[in-house]
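Asker: Supplied in structure tokens, the structure appears directly below.
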Amino acid sequence: MREIKAQVIKNTIRELFLQANYFIGKDIYDKLKEQYTKEESPVGKSVLKQIIKNDEIAAEEEIALCQDTGMAVVFIELGQEAVIVDGDFNEAINQGVREAYIDGYLRKSVVDDPIFDRINTKDNTPAITHIKIVPGDKVKITVTAKGFGSENMSRIKMLKPADGVEGVKEFIIKTAVEAGPNPCPPIIVGVGVGGTMEMSAILSKKALLRPIGKHNEDLRYAKLEDEILQEINKSGIGPAGLGGRTTALAVNIEYLPTHIAGLPVAVNICCHASRHAQKII
């Protein structure tokens with residue numbers, strides 16, 4: 001059994017959220033530059049140029065990529081032979097978020113009660129945490145700072161099995177196109193298919209963490225990702241919703257087995273500031 005101090009978890013969470021908010025992933029940066037060379041709309045091209053410059057400034061000056069620094073979401077893969085000692089695991093995660101958002105001058109966007117009081121917690125906690133027990137003695141921590149301009153455009157639908165591939169395609173495309181300029185395109189479209197209602201939603205958020213350009217290993221799903229991406233980019237919404245061919249950078253689909261009577265589909269949209277970071281300890 002390997003012991004990991006809660007302090008190490010806290011420090012890692014703090015480091016990852018600062019990294020995610022300051023530095024855009026190389027895969028996204030490279031894709032934005034690629035689309036800049038391909039974009040036919042002068043306005044769309046100009047928007048992409050500004051986005052790229054924004055990402056460069058954020059990295060150089062170590063300041064937030066976007067004013068909405070997101071709600072903290074943490075995915076943990078906890079090795080079954082690892083044990084957290086000298087502190088509470090959940091509190092270590094929240095303390096790491098707290099320190100990152102306060103020390104890093106990141107906007108605090110979380111309110112305590114969603115309906116009545118809506119008083120800001122002033123430190124961007126609590127984090128949304130998903131924990132999976134896996135073999136081994138390591139802890140894999142993946143964080144994402146999820147902005148709500150795009151989160152608000154996300155949708156879930158319980159399709160009928162008879163709706164099939166075309167029903168799934170139609171729902172994903174409709175969700176992305178109806179979102180229009182609201183999620184700050186170009187967007188990344190994460191899709192979760194199967195499982196249960198709540199599992200498809202979690203899966204769709206995890207799909208956003210897949211590197212741009214990496215397809216589902218199942219060739220049928222990889223083909224579906226490409227087909228949907230092409231259709232979304234035919235919409236003409238374009239960068240910032242001002243017109244062009246670059247409405248989405250990627251469509252990432254993940255799937256799980258489901259019940260014979262169901263076909264859950266969740267679409268989690270993310271803006272071009274897809275902020276995530278990962279570390280194994």
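Just so it is clear, none of the values below were taken in a lab; they were calculated from the coordinates. Being a predicted model, the structure only gives us computed values, none of them experimental. Ideal geometry is used to build each Cβ from the backbone, glycine not excepted, and the neighbour counts take in all protein chains shown.
Asker: On a full-extension model of 0.36 nm per residue, what is the gain between Val111 and Glu198, subtracting their alpha-carbon distance, rounded to one decimal in nm?
Answerer: On the way: separation 87, 0.36 × 87 = 31.32 nm, distance 2.23 nm.
Here the segment from Val111 to Glu198 would lengthen by 29.1 nm.
Asker: For a footprinting-style exposure proxy, rank Val47, Val168 by other Cβ within 10 Å, fewest first. It would help to have the intermediate numbers written out before the result.
Answerer: Values: Val47 24, Val168 21.
Placing the least packed residue first, the sequence is Val168, Val47.
Asker: Under the definition of Cα pairs under 8 Å and six or more residues apart, what whole-number percent is the relative contact order of the stretch 149-273? Please report the intermediate quantities before stating the final value.
Answerer: Values: 277 pairs, mean separation 55.9, N = 125.
It comes to 45 percent, rounded to a whole number.
Asker: While we're here: Given a 10 angstrom Cα cut-off, can you work out which residue in Lys206, Lys132, Lys234 is the most mobile in a GNM of the chain?
Answerer: With Cα springs under 10 Å in the chain, the top fluctuation among Lys206, Lys132, Lys234 is at Lys132.
Asker: For the stretch 17-168, give the magnitude of the charge dipole about the Cα centre (Cβ charges: +1 Lys/Arg, -1 Asp/Glu; no others), in debye to the nearest 20. Mind dumping the intermediate values first?
Answerer: Details: 19 positive and 26 negative charges, 118 e Å.
Dipole magnitude for the stretch 17-168 comes out near 560 debye.
Asker: What number, rounded to the nearest 500 deg cm²/dmol, is the helix-based mean residue ellipticity at 222 nm of the chain, given -39500 (n - 2.57) per DSSP H run of at least four residues and division by all its residues? Walk me through the numbers on the way to the answer.
Answerer: Details: 8 runs with 111 residues, N = 281.
That comes out to -12500 deg cm²/dmol.
Asker: If you bin every alpha carbon distance in the stretch 135-281 into 10 Å steps from zero, what whole percent lands in each bin?
Answerer: With 10 Å bins starting at 0, P(r) equals 12, 42, 33, 10, 1.
Asker: How far is it, in nm, from the label point at Leu159 to the one at Gln278 when both lie 7 Å from their Cα along the line to the Cβ?
Answerer: Distance between label points: 2.6 nm.
Asker: Further question on the same structure: Which of Lys31/Lys214; Lys223/Lys279; Lys5/Lys146; Lys146/Lys206 have a Cα-Cα distance over 22 Å?
Answerer: Numbers: Lys31/Lys214 12 Å; Lys223/Lys279 30 Å; Lys5/Lys146 27 Å; Lys146/Lys206 12 Å.
Result: Lys223/Lys279; Lys5/Lys146 exceed 22 Å.
Asker: Based on DSSP, what percent of beta bridges with both residues in the stretch 149-273 are antiparallel, to the nearest 5? Could the numbers behind the result be given before it?
Answerer: Numbers: 11 of 19 bridges.
Around 60 percent antiparallel, to the nearest 5.
Asker: Can you list the cysteines of the chain that have no other Cys Cβ under 4.7 Å away?
Answerer: Cysteines of the chain left without a disulfide-compatible partner: Cys66, Cys270.
Asker: Placing unit charges on C-beta atoms (Lys and Arg positive, Asp and Glu negative, everything else neutral), compute the dipole magnitude of the chain about its Cα centre in debye, rounded to 20. The partial results should precede the final answer.
Answerer: Details: 35 positive and 38 negative charges, 79 e Å.
That gives the chain a dipole magnitude of about 380 debye.
Asker: Bins of 5 Å, beginning at zero and ending with the bin holding the largest distance: percent of Cα pairs per bin for the chain, please.
Answerer: P(r) over the chain, rounded to whole percents: 1, 6, 12, 15, 17, 16, 14, 10, 6, 2, 0, 0.
Asker: Taking a quarter of the surface of the convex hull around the Cα atoms of the stretch 1-149, what do you get in nm²?
Answerer: Values: hull surface 44.5 nm².
Orientation-averaged projected area of the Cα hull: 11.1 nm².
Asker: Relative contact order of the chain: what whole-number percent is it, with Cα pairs under 8 angstrom and at least 6 residues apart?
Answerer: Values: 616 pairs, mean separation 74.6, N = 281.
RCO, the chain: 27 percent.
Asker: Could you give the dipole magnitude of the stretch 149-273 about its Cα centre, charging the beta-carbon of Lys and Arg +1 and that of Asp and Glu -1, in debye to the nearest 20? List each step's numbers first, then the result.
Answerer: Numbers: 13 positive and 13 negative charges, 27 e Å.
The calculated dipole for the stretch 149-273 is roughly 120 debye.
Asker: Just want the ordering: Phe23, Phe75, from fewest to most Cβ atoms lying within 10 Å of their own Cβ. Present the calculation step by step, with values, prior to reporting the outcome.
Answerer: Values: Phe23 16, Phe75 20.
By the 10 Å Cβ count, ascending: Phe23, Phe75.
Asker: Once Lys and Arg get +1 and Asp and Glu get -1 on their Cβ, which of Pro264, Thr196, Val251 lies farthest toward the positive end of the dipole of the chain?
Answerer: Val251
Asker: Taking the Cα-to-Cβ direction at Glu217 and at Val134 and moving 7 Å from each Cα, how far apart do the two end points lie in nm?
Answerer: 1.2 nm
Asker: Using a simple spin-label model with points 7 Å from Cα along the Cα→Cβ vector, what separation in nm is obtained for Glu34 and Asn182?
Answerer: Roughly 2.9 nm, to one decimal.
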